[in-house]
1. Mind running the shape call on chain A? Use the C-alpha gyration tensor, a ≥ b ≥ c as the square roots of the eigenvalues: rounded below 1.5 for a/c, prolate if a/b tops b/c, oblate otherwise.
2. For the range A:102-143, which trypsin sites (Lys or Arg not before Pro) are in a loop by DSSP, counting at most 13 other Cβ atoms within 10 Å?
3. Within 10 Å of each Cβ in peptide A:94-100, how many partner chain Cβ atoms are there on average? Round it to a whole number, please.
4. What is the ratio of the Cα radius of gyration of the range B:92-221 to 2.2 N^0.38 Å, where N is its residue count, to two decimals?
5. Averaged over B:104-111, how many beta carbons belonging to a partner chain fall within 10 Å of each residue's beta carbon?
6. GNM on chain A, C-alpha springs below 10 Å: top fluctuator among A:Glu135, A:Glu118, A:Glu72?
7. Can you flag which of B:Lys55/B:Lys118; B:Lys55/B:Lys221; A:Lys125/B:Lys130; B:Lys128/B:Lys177 are past 22 Å Cα-Cα?
8. Between B:Lys130 and B:Ser81, what length in nm is gained on full extension when 0.36 nm per residue of separation is reduced by their alpha carbon distance?
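What follows is calculated from the coordinates using simple rules that are stated; it is not laboratory data. Quantities reported herein were computed from a predicted structural model and do not represent experimental measurements. With ideal geometry, Cβ positions are generated from the backbone for all residues, glycine too; neighbour counts draw on all protein chains shown.
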Amino acid sequence: MTEPVKLIGAFGSPFVHRAEVALRLKGVAYELITEDLFNKSELLLRHNPVHHRVPVLLHGDKAICESLVILEYIDEAFDGQPLLPTDPGERAEARFWAKFFAEKCLMSVWLALWTEGETQKVLMKDAKEHLAIVETQLKEKRFFGGVAIGLADIAGASVLSHWAGVLQEVAGITIMSDDEYPAIRRWMEDYNADEVVTECLPDRDQLVSHFTSIRGKCVAAAKSMLPNYLATK
Amino acid sequence: MAGEGDIKLLGMVVSPFVVRVRMALHRKGVSYEYVEQDLFNKSELLLRSNPVNKKVPVLIHGGKPICESLVIVQYADEVWSGKGASIFPADPHERAVARFWAAYVDDKLFPAYIGIMKAATEEARAEKAKEALVVLANLEEAFAQCSKGKPFFAGDSVGYLDLAVGCNLFWLEAIRKMFGVTFFDVGKTPLLAAWAERFAGTEMAREVVPDADTAVVFAKKLQARFGSNTSAK
């Protein structure tokens, strides 16, 4: 007997996209509940009392929070295409890269977009270093997961493939210009071409208006995230 | 214990992340060669084994490096799944809850207590101490939910989340000695206070956790090296 699966999400969140891709790769049917993040529902606050943020996966009466935790849960709780390899060493590598994306690469790119002056210079340098590391990795493999999309790909490409272009446009800053990072570009294209991914990518124009309208909040969020990033570099 | 082949751990005596891995290896009953690193003069071996982050801990198993403490702990549980004690529970939801809180500890507790140590003013220190106490209040809730009346987060014996939180205890004690901050108030976080004592009393902790005074000495060395505007006791 299968318990119902619901995903509490919000328009424009790449973290929600991660969870959707994973569920769809596994062939799991789910109900998407869309939150208004400026008017959070009692459902969200009850199921994520610590962070009050999306995504939250509801599987029967169980709630799972934090997108990377959700990805591992989806891989373990449901049959279907594995998101992680079976070999412990390869699993460790996948987790390492997922963490690298979440804590370093995507973070530095995000912070570089919404900061200014000397701070931005430092973040920009970090972002380019991180992207260069990813570029080297992707020269040797189609996906971090090998032949198919895996945990690390979902962690990284979820943001870099679709959102990075939009965010650079809204922020008016170029971190990845068209002639840079050919392996990353190829990976992004392969990721975006996957039919499961296409099913849950938000419309680009809507995404641009969305981030344009919350630009101020992005700047504020970056400011509050900066100290922790710098402290744990 | 018989060795499991070529296993090396690159570490630094007062790193809580290294202590975390040592605890995990102890739980698995695995013997290894421990190689202390000078983080101000990083060895060729460390830079070669962890070129991306250049940090400890690094586990080198059969010549292959595994980085990031939580990744290493999961690797140890998987690659030596038949040996010693299980670190992770079997149930996917329980695993997700453990992963959620472990990520929370690294994201919130560590920066808060490091912030207490690095604070340039009494005001800044008090702010960080407040942050740390909020985290511990949340962990008190987590303990109640996870332990279900048993002695450890994982139940009858220590597991993933016990290790994730417990490796920081000697630093909290060091900071209490240096700055007078009380982290475990039996009135405010009774479950956590009792757990902390119990955890410190385990054979595992007694074997691998350094004395709080070792951390105090290290912190004072850092303050002398980098300069500090406020002095510890």
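1. Judged from the Cα gyration tensor, chain A comes out oblate (a/c at least 1.5, b/c at or above a/b).
2. Working: sites: A:Lys104, A:Lys121, A:Lys125, A:Lys128, A:Lys139, A:Lys141, A:Arg142; in loops: A:Lys141, A:Arg142.
Filter output for the range A:102-143: A:Lys141.
3. If you average over the peptide's residues, the count of other-chain Cβ atoms is 5.
4. So the range B:92-221 has a normalised radius of gyration of 1.03.
5. On the way: counts 5, 0, 2, 5, 2, 0, 3, 5.
Partner Cβ neighbours, averaged per residue: 3.
6. Its mean-square fluctuation being the largest, the pick is A:Glu118.
7. Beyond 22 Å between Cα atoms: A:Lys125/B:Lys130.
8. Numbers: separation 49, 0.36 × 49 = 17.64 nm, distance 3.97 nm.
Contour length minus the Cα-Cα distance gives 13.7 nm.
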